[in-house]
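Heads up: the structure comes next, in structure tokens.
The values are calculated or read from the model by the stated rules, or taken from the named source; none is laboratory data. What you see is a predicted model; the values in this text were computed from it and never measured. Glycine also receives a Cβ, built like all others from the backbone with ideal geometry; neighbour counts cover every protein chain displayed. Heads up: the accessible areas ignore ligands, DNA and RNA and are worked out on the full protein's heavy atoms, side chains in. Shrake-Rupley method; radii C 1.70, N 1.55, O 1.52, S 1.80 Å.
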Amino acid sequence: ISGNSFGLNSSALNNIDAILNNWGACDGPSGIGPGIGDSVYGNVSYIPWLGACISNKTQPSCVLETDNVTLYANISSSVCIGNVWFGVNINGTWQNYTATETNFPESLIGNYSYTINENLLTGNETVYWTVYADDCYNHTSQNGIKSFYVNRRTNLTVNPANPDGLNNWYITEPEFTLTNDDATNIWYRWDSTENLLYTIPFNLTDI
């Protein structure tokens with residue numbers, strides 16, 4: 001029962017058996033039911049229903065192009081969780097990747113994840129992703145599209161670029177320049193000293 005304007009209403013004395021039905025929504029029927037699917041009224045048995053729900057999709061809040069990025073989602077079902085996969089769009093191309101489950105396979109609720117290797121990420125790009133899950137009965141759910149921006153790494157330029165003395169030593173005091181178009185502020189430090197706010201190219205004064 002899916003895509004109906006009314007749903008199912010029974011005034012029979014005995015319950016109508018409508019369990020293991022797909023009501024068109026992963027959270028079950030509406031009406032006297034708890035979900036947003038086709039409605040159910042009267043003496044109808046509707047628990048459990050088919051479908052797998054996707055929730056709590058999360059990602060890192062600040063992604064650098066040197067990071068491995070792990071995507072997470074929670075999947076639940078009243079019957080069965082089948083295949084779960086992540087769709088990821090990098091550079092305008094969608095690819096599907098099998099999710100990794102952190103709960104026992106027979107569980108009806110589980111946390112799933114997929115890690116994007118840093119080799120696939122480029123600074124100054126937006127990555128889009130989504131999650132798909134089925135309920136072992138070929139009913140597939142998909143829950144919206146999320147995105148994250150990949151921040152560029154900070155570049156260090158040394159002038160002169162190469163040591164001008166013997167055995168890779170500098171005779172001329174080098175000057176250091178830090179650049180990152182994605183950064184509001186840049187800090188640097190020498191060894192284990194305090195963080196210094198970068199404002200202009202610097203030399204060895206604060207070493």
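Between N162 and L108, what is the spin-label point distance in nm, taking each point 7 Å from the Cα along the Cα→C-beta axis?
7.0 nm
Give the Kirkwood hydrodynamic radius (Å, one decimal) of the chain, defined as one over the mean of 1/r across all pairs of different Cα atoms.
21.5 Å
Pop out the ³J(HN,Hα) list for segment 166-176 in order, Karplus 6.51 cos²θ - 1.76 cosθ + 1.60 with θ = phi - 60°, rounded to Hz; leave Gly and Pro as x.
6, 6, 6, 9, 8, 8, 7, 4, x, 10, 10
Over the chain, with a Gaussian network built from C-alpha contacts below 10 Å, which listed residue (T93, T70, T58) shows the highest mean-square fluctuation?
For the chain, modelled as a Gaussian network with Cα springs under 10 Å, the answer is T93.
What's the FRET efficiency of T126 with I32 using the Cβ-Cβ distance as r and R₀ = 45 Å, to the nearest 0.05?
Working: r = 43 Å, r/R0 = 0.96.
So, using R0 = 45 Å, E works out to roughly 0.55.
Give me the accessible area per residue for segment 117-182, probe 1.4 Å, as a whole number in Å².
Ligands and nucleic acids excluded, the result is 65 Å² per residue.
Report the Cys residues of the chain lacking a disulfide-compatible partner, meaning no second Cys Cβ under 4.7 Å from their Cβ.
Cysteines lacking a close Cβ partner in the chain: C62.
Just to confirm my numbers, what's the Cα centroid distance between segment 49-115 and segment 133-207 in Å?
Computed from Cα coordinates, the inter-centre distance equals 30 Å.
Ranked from the most accessible area to the least, with a 1.4 Å probe and all protein chains present, what is the order of L108, L196?
Per-residue accessible area, sorted high to low, gives L108, L196.
Restricting attention to the alpha-carbon atoms of segment 1-113, what are Rg (one decimal) and Dmax (integer), both in Å?
18.4, 65
Using label points projected 7 Å from each Cα along Cα→Cβ, tell me how many nm separate Y188 and W169, to one decimal.
If labels sit at Y188 and W169, their model points lie 2.3 nm apart.
At q = 0.12, 0.26 Å⁻¹, what log₁₀ I(q)/I(0) does segment 119-207 have when each alpha carbon counts as one equal point scatterer in the Debye sum?
Each listed q corresponds, in turn, to -0.61, -1.25.
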